[in-house]
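To start, the structure under review is shown below, and the notes come after it.
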Amino acid sequence: MPFLKNKLRGAAALLVAGLMLAGALACGEYYLDPGPNPARIRVKLWAMVPAKLKQVPSEWIYWDWSLRLVVPKGAYPMLPPTVKQDFYTIPNTNPLVRDVTFLAPPGKRKYLLEVYGYAIRQRGEHSGPKILTYLQQTLELDLPPGGSYLIERRVGGQ
């Protein structure tokens, strides 16, 4: 009987992970309109969940990351990338290496760079994401129309 119970828990964990992935894919991304003559923010990112934080060496690592405009009220809108790509539930990737250029409205503004590396872990009867490494950084930039700025970050490590 315990064998069957463990198999059902494993199947439930896979179902939950699959539903999370399907939900993320169905939502799609909505981006901020940067307006005419936008500035460009290039993000060169290297992020890794250290092996010592994994339960087993082959544990899958997922990533969510974004660059957002900080606004006074409501959700922070995501800046549009110049090349379409995934930003949420990026599976089985460690390290995460990205070189992405975003379009941003010119002027003095605050931006939020977020990076989360996580695993789907069993918690009692349920499973869910366990954040293993992350970065949350606010940057205040004064970008001229058509200007550019480079952000280089390393998150996590060996």
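The values are calculated or read from the model by the stated rules, or taken from the named source; none is laboratory data. Computed from a prediction, not measured in an experiment: that's the story for all the values here. Because the Cβ atoms are built from the backbone with ideal geometry, glycine has one as well, and the counts that use them run over all protein chains shown.
Results for (1) modelled with pLDDT of 95 or more; (2) basic (K, R), shown as yes or no for each residue.
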position: K84; (1), (2): no, yes
position: T89; (1), (2): no, no
position: N94; (1), (2): no, no
position: L103; (1), (2): yes, no
position: K110; (1), (2): yes, yes
position: Q137; (1), (2): yes, no
position: P145; (1), (2): yes, no
position: Q158; (1), (2): no, no
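Within the stretch 141-158, being surrounded by 11 or more Cβ atoms within 10 Å (Cβ to Cβ), over 25 Å from P105 (Cα atoms) and either without any contact (Cβ under 8 Å) to a residue 24 or more places away in the chain or not small (G, A, S) (or both) holds for R154, V155.
Return a yes/no flag: does the stretch 108-121 have any residue that is buried (at least 17 other Cβ atoms within 10 Å of the Cβ) and touching a Gly at 6+ places or on another chain (Cβ under 8 Å). Yes, there is a match, as at least one residue in the stretch 108-121 is buried (at least 17 other Cβ atoms within 10 Å of the Cβ) and touching a Gly at 6+ places or on another chain (Cβ under 8 Å).
Number of residues in the stretch 41-58 that are part of a loop (DSSP other than H, G, I, E, B) and over 29 Å from M78 (Cα atoms): the value is 5. For a quick check of your reading of the model, give me the residue pairs whose first member lies in the stretch 47-58 and is more than 14 Å from V115 (Cβ to Cβ), whose second is among the polar types (S, T, N, Q), with beta-carbon atoms closer than 6 Å and at least 6 apart or on different chains. Close Cβ pairs (under 6 Å, with a partner that is among the polar types (S, T, N, Q)) amount to P50/Q158. Selection within the stretch 22-57: residues that are surrounded by 15 or more Cβ atoms within 10 Å (Cβ to Cβ) and either among the small types (G, A, S) or at pLDDT below 50 (or both). The member of this set that is farthest from G124 (Cα to Cα) is A39. Taking each residue of the stretch 93-112 that is touching a residue at least 12 places away in the same chain (Cβ under 8 Å) and closer than 19 Å to L135 by Cα and looking for partners that are of a type in the set (A, V, I, L, M) and outside any strand (DSSP E or B) with beta-carbon atoms closer than 7 Å, six or more apart or interchain, yields T93/I61; N94/V49; N94/I61; F102/L79; K110/V70; Y111/V70; L112/V70. Counting only residues that are aliphatic (A, V, I, L, M) and surrounded by 16 or more Cβ atoms within 10 Å (Cβ to Cβ), the stretch 122-140 holds 2 of them.
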